[in-house]
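Enquirer: I am attaching a structure below and will ask some questions about it afterwards.
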Amino acid sequence: MTPEVSAIIVNYNAGQDLALALRSVQTDCAQIPWEAVVVDNASTDGSASAVETCPQATLIRNANNVGFGRAVNQAVASSRAPLLLLLNPDCQLATGATATLRAVLDAEPACAIVGPRILDPDGGVQGSARGDPDMLTGLFGRTGALRALMPFLTVAKRNVLAEDAVRSGASSVVVDWLSGACLLVRRNAFLAAGGFDERFFMYWEDADLCRRLRGQGFTIRYVPGASAVHKVGRSSQTARRSSIRAFHQSAYLYYSTHVARGALNPRRLVARALLGARCWWQLRTVRG
């Protein structure tokens, strides 16, 4: 039977979280045919063995860590369903999440991607629905230094959609982009966009994909009626310095691709200097 949903999971030293993620998909998709494709990016903790406990799942092992976007593209190429459920291994679906997300896609033919409200394990909202990144995102983005101090500013509200911005009674809200921790994506739209840009080793590939899809006339929708719990950074904790570098490299790639276009654009020099300084600051006391 052809699956209706393909869960796509990229694993890298996720520990027991991968098993929990797969179990959450099993529970949430129990009433429909589904499959999972897990790409393991050369984990060393044995976590990929969790796939053996899930009969719907297929495991692809990479000899090296090829990055998140490239691994997702690998998994999609091996999957069959018209809907792709992109799920981080440290993320778990809440009951009914998939059905709620599918209902919005069914009602909105122009929508390519939907994403749920993503919660911290303590129930706090992570702010997964966001505005297009710009030079101020580093200060007023989800983890920006000034957003926590001045969340009432327009620039802070633009970078991360506040919960009070969700219209009462609305099943979904159009946004610029959504966190790749949990997304339901139309396969045909994903393929039409060429999948994830593999130049992004890790981070910002979700913002890039959403922006390119919007350029093709698709919409991106946040669905607060669906939810998932995300522990954040389980995999990156095992290689913290590399993750910090990858974050800033991808941030510059996004900015130079979509905001400061042109090799001679002076804003690129400013962005490179600011991101370099931010990266250095974060690396000062980090080990591993």
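The values are calculated or read from the model by the stated rules, or taken from the named source; none is laboratory data. Just so it is clear, the structure is predicted and the values come from calculations on it, not from any experiment. Note that we place each Cβ from the backbone using ideal geometry, even for glycine, and neighbour counts take in every protein chain shown. Just the protein is used for accessible areas: all its heavy atoms, side chains included, with ligands, DNA and RNA removed. Shrake-Rupley method; radii C 1.70, N 1.55, O 1.52, S 1.80 Å.
This table checks each residue for (1) within 22 Å of residue 176 (Cα to Cα); (2) part of a helix (DSSP H, G or I); (3) open to solvent by 60 Å² or more (accessible area, probe 1.4 Å); (4) of a type in the set (Lys, Arg).
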| position | (1), (2), (3), (4) |
| --- | --- |
| 201 | yes, no, yes, no |
| 223 | yes, no, no, no |
| 252 | yes, yes, no, no |
| 264 | no, no, yes, no |
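Enquirer: Taking residue 66 as the residue in question, decide whether it is outside any helix (DSSP H, G or I) and either closer than 17 Å to residue 183 by Cα or touching a strand residue (DSSP E or B) at 6+ places or on another chain (Cβ under 7 Å) (or both).
Expert: It is true that residue 66 is outside any helix (DSSP H, G or I) and either closer than 17 Å to residue 183 by Cα or touching a strand residue (DSSP E or B) at 6+ places or on another chain (Cβ under 7 Å) (or both).
Enquirer: From the list 27, 2, 44, which one is touching a strand residue (DSSP E or B) at 6+ places or on another chain (Cβ under 8 Å) and either surrounded by fewer than 20 Cβ atoms within 10 Å (Cβ to Cβ) or part of a helix (DSSP H, G or I) (or both)?
Expert: Selected residue: 27, the only one of 27, 2, 44 that is touching a strand residue (DSSP E or B) at 6+ places or on another chain (Cβ under 8 Å) and either surrounded by fewer than 20 Cβ atoms within 10 Å (Cβ to Cβ) or part of a helix (DSSP H, G or I) (or both).
Enquirer: Of the conditions (1) more than 30 Å from residue 96 (Cβ to Cβ); (2) in contact with a helix residue (DSSP H, G or I) (Cβ under 9 Å, 6 or more places away or on another chain), residue 195 clears all except one; give me its number.
Expert: Status for residue 195: all satisfied but (1).
Enquirer: For segment 262-280, name all the residues that are without any contact (Cβ under 8 Å) to a residue 12 or more places away in the chain and aliphatic (A, V, I, L, M).
Expert: If the condition is that a residue be without any contact (Cβ under 8 Å) to a residue 12 or more places away in the chain and aliphatic (A, V, I, L, M), then 263, 264, 269, 273, 277 are the ones that fit.
Enquirer: Against the condition free of Cβ contacts under 8 Å to residues at least 24 places away in the same chain, of a type in the set (S, T, N, Q) and open to solvent by 30 Å² or more (accessible area, probe 1.4 Å), how does residue 74 come out, does it pass?
Expert: So residue 74 fails the test.
Enquirer: What residue, of 55, 89, 109, is open to solvent by less than 30 Å² (accessible area, probe 1.4 Å) and assigned to a loop (DSSP other than H, G, I, E, B)?
Expert: Within the list 55, 89, 109, the selection yields 89.
Enquirer: I would also like to ask the following. Which one of these is at negative phi, at pLDDT below 95, open to solvent by less than 10 Å² (accessible area, probe 1.4 Å) and under 15 Å from the mean Cα position of the chain (by Cα): 160, 114, 185?
Expert: That would be 160, the only listed residue that is at negative phi, at pLDDT below 95, open to solvent by less than 10 Å² (accessible area, probe 1.4 Å) and under 15 Å from the mean Cα position of the chain (by Cα).
Enquirer: Can you confirm whether residue 227 is assigned to a helix (DSSP H, G or I) and among the hydroxyl-bearing types (Ser, Thr, Tyr)?
Expert: Judged against the criteria, residue 227 is not a match.
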